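Data block below; observations after.
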Amino acid sequence: GQKLKKEEFWGLKNISFNIKKGETFGIIGSNGSGKTSLLRILAGILAPTSGQVIINGKVSTLFELGTGFHPELSGRENIYLNGSILGLTKKEIDLKVNKIIEFSELDKFIDTPIKHYSSGMQVRLAFSVAINVNPEVLLVDEVLAVGDAEFQRKSFSVFQDFKRRGSTIVIVSHDLDTIKSVCDRVLFLNKGKQFKVGEAQEVVNEYQKLVSKEEGSHTNFSKDELDKNTLLLLFL
């Protein structure tokens with residue numbers, strides 16, 4: 001008969017930033033800090049509880065593996081499916097399909113069902129479709145980490161081409177080297193709140209300091225605690 005207590009939880013709160021046209025903008029933070037939720041709000045998949053998001057331009061997204069793909073359909077059929085989800089007409093996809101297949105380097109497997117593709121092959125195809133939509137804003141969530149080194153190199157080259165054309169890229173990643181090398185500015189989220197926004201190297205350094213501090217506090221045992229933990233490990 002007792003009433004259940006409700007606990008209010010905000011996945012994101014007091015977030016406010018601007019991204020310039022042609023800028024590559026990174027979002028970093030530990031797991032659960034709200035990075036993917038923020039990217040989904042920017043994509044229009046989630047609606048903010050309060051406040052507003054204003055995006056000027058055509059948006060293309062590259063999120064988790066399998067998004068927009070049907071496992072029973074072939075790679076070619078999924079190009080048409082994914083392209084239509086991203087707003088292309090069949091006629092537009094007809095004009096782009098060969099270019100998409102060429103960039104993905106999957107011509108030998110393009111008529112094979114997606115369910116037989118490796119994760120890296122799916123990333124290649126999804127990325128190839130996403131960039132050929134010719135978006136003004138590209139949202140990328142971590143997935144490039146699945147691709148091999150050569151494909152990552154090609155992807156970063158595409159990012160540079162996008163920047164030269166004035167397109168905007170927003171990328172979420174745990175790979176800090178990637179963030180430093182491709183991003184102009186970075187947003188650091190911590191527990192759903194905006195910790196810092198600024199130049200990439202500066203914000204990454206701030207993030208690394210906080211991570212080191214938290215890791216140090218978790219491993220700072222007293223002598224007695226250290227002895228107990230050592231004995232336990234030896235016993236195990």
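The values are calculated or read from the model by the stated rules, or taken from the named source; none is laboratory data. In this text the structure is predicted, and so the values were computed from the model without any measurement. Cβ: placed from backbone, ideal geometry, glycine included. Neighbour counts: every protein chain shown. With ligands, DNA and RNA removed, areas are computed over all heavy atoms of the protein, side chains included. Shrake-Rupley method; radii C 1.70, N 1.55, O 1.52, S 1.80 Å.
Table for the structure above
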| item | result |
| --- | --- |
| Test set (1) assigned to a loop (DSSP other than H, G, I, E, B); (2) closer than 16 Å to L138 by Cβ - N82 fails condition number | (1) |
| Candidates K108, K115 - the one that is among the basic types (K, R) and touching a residue at least 12 places away in the same chain (Cβ under 8 Å) | K115 |
| Considering residues of the stretch 90-128 that are modelled with pLDDT of 90 or more and among the β-branched types (V, I, T) only, the residue most open to solvent (accessible area, probe 1.4 Å) | T112 |
| Residues located in the stretch 134-160, provided they are part of a helix (DSSP H, G or I) and among the small types (G, A, S) | A145, A149, S155, S157 |
| Selection within the stretch 51-74 - closer than 26 Å to S173 by Cα and either among the polar types (S, T, N, Q) or not in a loop (DSSP other than H, G, I, E, B) (or both) | Q52, N56, V59, S60, T61, L62, T67 |
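A quick yes/no check of all residues on (1) on the phi < 0 side of the Ramachandran plot; (2) out of contact with any Gly (no Cβ under 8 Å at 6 or more places or on another chain); (3) small (G, A, S):
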| site | (1), (2), (3) |
| --- | --- |
| Y117 | yes, no, no |
| S128 | yes, yes, yes |
| E136 | yes, no, no |
| V140 | yes, yes, no |
| A149 | yes, yes, yes |
| G166 | no, no, yes |
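Residue by residue, here is whether (1) assigned to a helix (DSSP H, G or I); (2) open to solvent by 50 Å² or more (accessible area, probe 1.4 Å); (3) more than 27 Å from G57 (Cβ to Cβ) holds:
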{"position": "F162", "(1), (2), (3)": "yes, no, no"}
{"position": "V170", "(1), (2), (3)": "no, no, no"}
{"position": "L187", "(1), (2), (3)": "no, no, no"}
{"position": "Q194", "(1), (2), (3)": "no, yes, no"}
{"position": "L210", "(1), (2), (3)": "yes, no, yes"}
